[in-house]
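Here is the structure we will look at, set down as structure tokens.
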Amino acid sequence: AAAAPPRPRPAPSSEPSAGLGRGGAKIPPGRTPRFGPSIFCCRIRPDPMEASSSSSPAGPAPGPPPSIPPSGDQGVWADVSPLIAAACADLQDGELVHGENFSLFAAMSALEIMDPKMDSGIERSGYYSIDEAIEDGIAPVPLSLDRTLDIQRTLDVIDHLFSCEATWHKGHTLAQTVFTCIYLMKMERISSHAVLNSFCRILRATCNSVISVVSTARTHEEEDLFTMSFGLPLNGEGDDKCLSVLNSVEETISRQLRACKSQALSKKKTLEEFESLQDNPELEEGYCRALLCRLRFRKHFHHVVTCMRKPQGRGLDLARKHVTSCLAELSSMLKSQEFLKSQSDITSQKGDESCTTASGCRPIGFDVSLNSRLLSPAPPRAVQILAWSDAIRYFEKLLHDLDIICALSLDPVLENVLHFIAQFQKSVPDLVPRAFLQTLLVQDGKLYGRDLFCDVISRALSLPDIIGDKEFQSNEFVVQLGQLVTNLLKILCTNTAWQRRKLGKSLQDWSTISIQLELALKREFGETRNVLADENMCMRVSKQLLVWSQEHTYWIASRFLILGFELDLYSPSEYCMVYWYMHVVFIKLIEKMQLRILASNENSRRKGKKKKDHSKDSVRDTPFPSSCLLLQCYVLLSEGLSMLLAALRKESKSFQSPSIFNTEQEVVQIVL
């Protein structure tokens, strides 16, 4: 059976018809079926003719079956079990019963009931509610009456949540990763368990902050399930004090660890003088170390997220210090793995690389199907939680990426910003660091939240006199270019595939505004192209703005072509054509870059000295930056590779693959 989205009821015809099913099952004419609370019941809207005839005194109408709820004001309940039974007896695979208004378009949005891939509630592998799971003893508090076993299980829960958080960062849903933990769903139950309560509180607060960052950056469009909370309890009472609660627990365990060290050195103090974590004095130090590094990592990571969210990059220096602390605690967590494995009951771990805990034990208090019925907007997916060792490696890479972002100098020069993003993307960062980078670059429509993009453009034109000029800021072309720069920065912070797709669309916008600028310049000032000594400020700004926009148009085109190699989009037979395109684009790019540099030096010369013949030596004395030299290398390399591939294709018939589509010559003609 299939359920389609509700559609408007068609106008009644003169001859009422019925929806047919194989086996003779019919839907009564004039009645629209609706799915009710049970798969075997549907609500039927009464036909007006039948309603008028039933009002006559023809005897009392039979009441509904006892198992069907009483009817309301909108209609009556009818038992459709015979209809479904007759259809099931005759329907073959791939067939369905449907009404006349059911179309192929509706079938695209239909949910097939009883199909495990589409029906999220069909499998009865877990519990239907949290209370049912708690009553069954799946999440006891305390985790064990044996204090040593209790601390072991607490560490297993912490490690599994660590792996779930890494899995969530990789693009899965909160409901199927972090919030499969019953202790996290019912925080009031663990208020008496200080360690687990403090850890869960700060984890929930960190998840909420990360969701806020990703939603603000809107990079979650590429992994759209990341920010869906499905009504989960992300905001709890007292989460604003999670750090103070964690610090209190950390201080208690630190005192206990110092007591263990003092006892080992002086033999004067005993553990009975302190509140121990568990009952075995020989294991106390190992468990204290294992707990402390996990709690401290959680605390420092929360500080990293909080500091990087501060406006205008004010918390980057402090966040970098916390990143260093997080990496140190991750190293301590790895060192504790050997101790925890030695204390587990598992003698031989099979498939140790897939374990989600350091000890190799299976954690308690988790149920993967607990929130499966919350995933109605999307079909259920089988989620493989990352192994604990893989989660460690993920967070190490995440912290290294965040450290690179924190080291950004916040230079308002756009060329440096674009170069930084391009270099940063070479490490293939995941969603979270890319979201932090975008929220740092673009805040409140400003670069770093402090520099207007029109001022960024004026700095790129080397025209400091017009910074803050209201007329320049309100210019139509400047406003449009500012919007394009903002969108460009956001596009460059997405993943590689999404970035190339968006760059292709953005390239058209940059080309359009460049053409508009050129037409406006010709209309206002004629065909003059060279920078004249006696030209006015408006003409000089217009020319430099045109050159600057064209330069970035070719930069986007080169980025678009290079990303095709990173994504393996080109076939060997296309290499020659792609390198030829790159050769042309790089030549244009270096030409526009040199024109911009010459114009910038001309502006500085005008301001520094007033000689009439200073323009004669401007080209000869202009020092070009290393970026121009690098572009010249790219030009030579792309030209050489295109000639080499062309020669190989001609002489040895290499890199040739016949295509059923357009030939290479036709593609070139279409593009040109």
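What follows draws every value from the coordinates through simple rules; no lab data is involved. What you see is a predicted model, and the numbers here were worked out from it, not measured in a lab.
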- Amide H to amide H, which residues 5 or more places from Cys361 or on other chains are under 5 Å from it, using H placed in the peptide plane? none
- Kindly write out, for region 279-291 in residue order, the coupling ³J(HN,Hα) from the Karplus curve 6.51 cos²θ - 1.76 cosθ + 1.60 (θ = phi - 60°), rounded to whole Hz, with x marking Gly and Pro. 8, 9, x, 6, 9, 4, 5, x, 5, 5, 5, 5, 6
- If amide H atoms are modeled at 1.01 Å from N in the peptide plane, then the residues at a separation of 5 or more from Val76, or on another chain, having amide H under 5 Å from its own are Ile44
- Counting only residues 5 or more places away or on other chains, whose amide H sits under 5 Å from the amide H of Lys310 once H atoms are built in the peptide plane? Gly315
- Taking θ as phi - 60°, what are the ³J(HN,Hα) couplings along region 194-202 by the Karplus curve (6.51, -1.76, 1.60), each to the nearest whole Hz, with x for Gly and Pro? 4, 5, 5, 5, 5, 5, 5, 5, 6
- Note on the structure: With x for Gly and Pro, the residue-by-residue ³J(HN,Hα) of region 147-164, computed from phi through the Karplus equation 6.51 cos²θ - 1.76 cosθ + 1.60 at θ = phi - 60° and given in whole Hz, is 5, 5, 5, 5, 6, 5, 5, 4, 5, 5, 5, 4, 5, 5, 5, 4, 5, 5
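Given the pairs Lys502/Lys592; Lys502/Lys653; Lys426/Lys505; Lys505/Lys588; Lys470/Lys588; Lys170/Lys299, which span a C-alpha to C-alpha distance of over 27 angstrom in this model? The partial results should precede the final answer.
Numbers: Lys502/Lys592 23 Å; Lys502/Lys653 36 Å; Lys426/Lys505 22 Å; Lys505/Lys588 20 Å; Lys470/Lys588 32 Å; Lys170/Lys299 22 Å.
Long pairs (Cα-Cα over 27 Å): Lys502/Lys653; Lys470/Lys588.
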